[in-house]
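So the structure is just underneath, and the comments pick up after that.
The values are calculated or read from the model by the stated rules, or taken from the named source; none is laboratory data. What you are looking at is a predicted structure, and each value in this text was computed from that prediction instead of being measured. Positions of Cβ are generated from backbone atoms using ideal geometry, with glycine treated the same way; all protein chains shown enter the neighbour counts.
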Amino acid sequence: MCSFTKNTDNAIRSSRILSCVAIVASMSLLFVAQPSSASASRVFRDGFESPGNWQTFEEVVGGSDCYGSGIGQVARTNEVALAGSSSLRVAANVAESLKSNHLIAHQPVFDTPASGKMTFIVWARQEPEGPGRQGETGPEISVQSTAADGLTTIAGVQYLTNPHAPGHGTWQIWQDVGGRGGWSPLFTQPIQRGVWYQLVLEADFTTGRYLRFTLTGPGAQKSLSLTQVRLGVDAKGFTTPATEVTLEAENLYNNCGTAGATSFRVHYDELLLVLQG
């Protein structure tokens, strides 16, 4: 299993890292079509082995007083990694306040809008269960393309991890819902805490439609064609054309503190984004 801690024996760790690198490479070749020329594609990679430009945004969902800001943390860490020694930790409500915290790690990767076909691969790992370590959503990923007209086209998926909610274990997709973006269920596939899963999201920003979503990991092998599903488009207030990637997590919704303090950490590693065309 591609899961390491700081205290893993060095010889064992080295062997596991080599195995994981092979897995990442083989899966990348499986899902990413090779471009016909270097000029035909734009590529962004991050294995989180060195400091990047990841920024933090805490969404106050619907303007609700139950959500807080300044209480989450995005950080590169060597606590656990798929390959190498580091991953990106998105820790919602690390301050353990009596608030919900929708935490977004985001980074502009290109200074122009996305175009053509997109393949977005990333590995994600929910932290192991523990006292107060409960999540509402996460893993959650997206690629957001803002055009000169201020409209942002979003390709994204999220996992509903709240164990008390009716939709627990459901994967959702951000799609066009009556002329604006919104979440819609895809399929139910629970995942395990403390292990790595690969998410592969494919879309076509030229046609404005998804292509496929694939989930791979222990006890989970799902691949769903999405060619009839339109990407969500919204006026989010952005004014600069760009393509941006997000990695997200939210702790358990606690109804303005009545359910007590919770926190939730999702680690991400071996990110690859390819835009062709």
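Figures for the structure shown
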{"read-out": "Count of the stretch 216-249 residues which are acidic (Asp, Glu) and over 26 Å from Gly178 (Cα atoms)", "value": "0"}
{"read-out": "Odd one out for Ser100, checked against (1) crowded, with 18+ Cβ neighbours inside 10 Å; (2) out of contact with any helix residue (DSSP H, G or I) (no Cβ under 8 Å at 6 or more places or on another chain)", "value": "(2)"}
{"read-out": "Exclusive hit being part of a strand (DSSP E or B), touching a helix residue (DSSP H, G or I) at 6+ places or on another chain (Cβ under 7 Å) and either closer than 19 Å to Gly194 by Cα or modelled with pLDDT of 95 or more (or both), set Thr137, Thr119", "value": "Thr119"}
{"read-out": "Residues within the stretch 211-260 that are in contact (Cβ under 8 Å) with a residue 60 or more places away in the chain and not in a strand (DSSP E or B), tallied", "value": "14"}
{"read-out": "Test: Tyr268 is over 15 Å from Ile154 (Cα atoms) and either in contact (Cβ under 8 Å) with a residue 24 or more places away in the chain or in a loop (DSSP other than H, G, I, E, B) (or both)", "value": "yes"}
{"read-out": "Some residue of the stretch 189-198 being over 30 Å from Gly68 (Cβ atoms) and over 17 Å from the mean Cα position of the chain (by Cα)", "value": "no"}
{"read-out": "From Gly72, Gly52, residue being closer than 27 Å to Phe264 by Cα, surrounded by 14 or more Cβ atoms within 10 Å (Cβ to Cβ) and modelled with pLDDT of 95 or more", "value": "Gly72"}
{"read-out": "Subset of the stretch 54-79 that is of a type in the set (S, T, N, Q) and in contact with a His (Cβ under 9 Å, 6 or more places away or on another chain) - its residue that is nearest to Asn93 (Cα to Cα)", "value": "Thr56"}
{"read-out": "All positions within the stretch 186-210 that are small (Gly, Ala, Ser) and touching a residue at least 60 places away in the same chain (Cβ under 8 Å)", "value": "Gly194, Ala203"}
{"read-out": "Members of the stretch 103-140 that are surrounded by 23 or more Cβ atoms within 10 Å (Cβ to Cβ), among the hydrophobic types (A, V, I, L, M, F, W, C) and out of contact with any Cys (no Cβ under 9 Å at 6 or more places or on another chain)", "value": "Leu103, Ala105, Ala114, Met118, Phe120, Ile121, Ala124"}
{"read-out": "Given (1) surrounded by 23 or more Cβ atoms within 10 Å (Cβ to Cβ); (2) touching a helix residue (DSSP H, G or I) at 6+ places or on another chain (Cβ under 6 Å), index of the condition Val200 fails", "value": "(1)"}
{"read-out": "Candidate set: the stretch 145-157, residues that are more than 26 Å from Pro190 (Cα to Cα) and under 19 Å from the mean Cα position of the chain (by Cα); chosen: the one surrounded by the fewest Cβ atoms within 10 Å (Cβ to Cβ)", "value": "Thr152"}
